[in-house]
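For reference, the structure discussed in these notes is given below.
The values are calculated or read from the model by the stated rules, or taken from the named source; none is laboratory data. Since the structure is predicted, the reported quantities are computational estimates derived from the model, not experimental observations. Using ideal geometry, Cβ is built from the backbone for each residue, glycine included, and neighbour counts are taken over all protein chains shown. Heads up: the accessible areas ignore ligands, DNA and RNA and are worked out on the full protein's heavy atoms, side chains in. Shrake-Rupley method; radii C 1.70, N 1.55, O 1.52, S 1.80 Å.
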Amino acid sequence: MKNLIIRPHGIGDVVMLIPALRGLIEGNPTEEFVLLTHKGFGQVLPPDLNIKIIELPRHAGFFEMLRVMRQIRDEHFDRVFDLFCNPRTAQMSLFSGIKERYGFPHRFRGYAYNHKFEDDRKPGEHIHQVDLYCRFFRTYGLNCEPKLPAVKMPDDVIAKALAAIPEEYRSTKPLIALNVNATYPSKAWPVENAVKFVEQWYEKTKAPVMLTWGPGEDVLPPKIIEKVGHEKAFLHKAVKIKEFVALMSKVNLLVTNDAGPAHMAWEVGTPAVTLFGPTTEFDVQPRGDKYITLRADGIKCARCHKEHCDTKECMFSITPEMVMEAVEKLIIK
């Protein structure tokens, strides 16, 4: 049978889908799987997965949506599994012409599916997204045992990633990366804390920190460099998504907010310290003994999931000293 899997939004969520995709492909050799995701997001998938991608442009207009819908109809899928279930993907599932449609019973959107996944968790019970994906597929008769990503990027992609590090910083050891950007402001570690951490790290190691960035994320990192100087921090050059994944495979450690880079580091096995404040870590944190999740204790409004916050107390309360301690634990390992 031919199966369409829909997971457009959140590059970290696409990374966390990799273990399920590998489990599906290995466990169901007679089935064909195709992934619909946002344009460019397929670059995070392991090349050896060899899965076909249908790209959905972010903020797709009416005619772009028609083109994607026509492409879906031309593929003659037997089943569609919508792992996102927002209004747009529910409409796409409903009008795809696919007979068997699987999704979640989220409000009125549940009417788009003739198979609705009933999550039997108790209130307050958490399940990691990796396990939830596989539980979803197993419910409908597919074999899906999650496999660790263990992604190895091609040598030519790694070479392009290394070329993005300015020449004067390529011999930095240990090389740690710091991501201060996030999908929404309340998740971002304050610049003041990041500046103090960079200064403490340089004082301890005499090694500059590489500040990471992607499209539209070129505001905060230069502010940090302006405060600490080019001796203590630097930016890499612009890279494609797959080159960023390769770059993460070549750093010794990543410090990051709850954002896509945390999962990209996880997929290539790079240790990471991930900072959580307004979001809930139990379902999405990188798994394994090379990953530390940091959260300040005693913040009553933590895990509020608000996109904007006047105080950002939960993120300010993650101190540079807390991060330094976690980094030293992982570097020593």
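Structure values in brief
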read-out: Expected-Rg normalisation [2.2 N^0.38 Å, Cα atoms] applied to the range 151-215; value: 1.31
read-out: Extension gain from His230 to Tyr184, taking 0.36 nm per residue of separation minus the Cα-Cα distance; value: 13.9 nm
read-out: Reference-scaled alpha-carbon Rg (2.2 N^0.38 Å with N residues) for the range 1-135; value: 1.02
read-out: Set of aspartates and glutamates with alpha-carbon distance to Lys300 below 20 Å, sequence-local pairs under 8 removed; value: Glu125, Asp258, Glu281, Asp283, Asp310, Glu313
read-out: Cβ-derived FRET efficiency at R0 25 Å, Glu192 paired with Asn86, nearest 0.05; value: 0.10
read-out: Calculated FRET efficiency for the pair Lys204/Asp297, C-beta based, R₀ 22 Å, to 0.05; value: 0.30
read-out: 20 Å binning of all Cα-Cα separations within the chain, expressed as whole percents from 0 upward; value: 30, 56, 14, 0
read-out: Set of aspartates and glutamates with alpha-carbon distance to Lys232 below 12 Å, sequence-local pairs under 8 removed; value: Glu199, Glu203
read-out: Cross-link pairs beyond the 30 Å C-alpha cut-off, checked among Lys2/Lys147; Lys39/Lys173; Lys206/Lys329; value: Lys39/Lys173
read-out: Where labels lie 7 Å past Cα in the beta-carbon direction, separation of Lys223 and Phe316 in nm; value: 1.4 nm
read-out: Apportionment of accessible area to carbon and sulfur, the chain, percent (1.4 Å); value: 52 percent
read-out: For the range 171-178, 3J(HN,Hα) per residue [Karplus equation, 6.51 cos²θ - 1.76 cosθ + 1.60, θ = phi - 60°, Hz, x = Gly/Pro]; value: 9, 4, 9, x, 9, 10, 10, 10
read-out: Computed over the range 72-214: relative contact order in percent, which uses C-alpha pairs under 8 Å that are six or more apart; value: 13 percent
read-out: Cα long-axis angle, helix 11-27 against the chain (0 to 90 degrees, to the nearest 10); value: 50 degrees
read-out: Rel. contact order, % - alpha carbon contacts under 8 angstrom, at least six apart, the chain; value: 16 percent
read-out: Eligible lysines near Lys306 by straight Cα distance, threshold 20 Å, same-chain separation 8 or greater; value: Lys187
read-out: Rule-of-thumb Rg ratio for the range 63-162 [Cα; 2.2 N^0.38 Å; N residues]; value: 1.36
read-out: P(r) weight above 15 Å for the range 275-333, C-alpha pairs, percent; value: 53 percent
read-out: The chain - charge dipole about Cα centre, Lys and Arg +1 at Cβ, Asp and Glu -1, debye rounded to 20; value: 440 debye
read-out: Difference of contour (0.36 nm per residue) and Cα-Cα distance, Asp119 to Arg73; value: 13.6 nm
read-out: Gaussian network model of the chain, Cα within-10 Å springs - most flexible of Gln71, Gln129, Gln285; value: Gln71
read-out: CD proxy at 222 nm, helix term only [per DSSP H run n ≥ 4: -39500 (n - 2.57); per residue of the chain; nearest 500]; value: -10500 deg cm²/dmol
read-out: Solvent-accessible area per residue, Å², over the chain with all protein chains present [probe radius 1.4 Å]; value: 48 Å²
read-out: Calculated over the range 230-333: convex hull of Cα atoms, volume per residue (Å³); value: 138 Å³
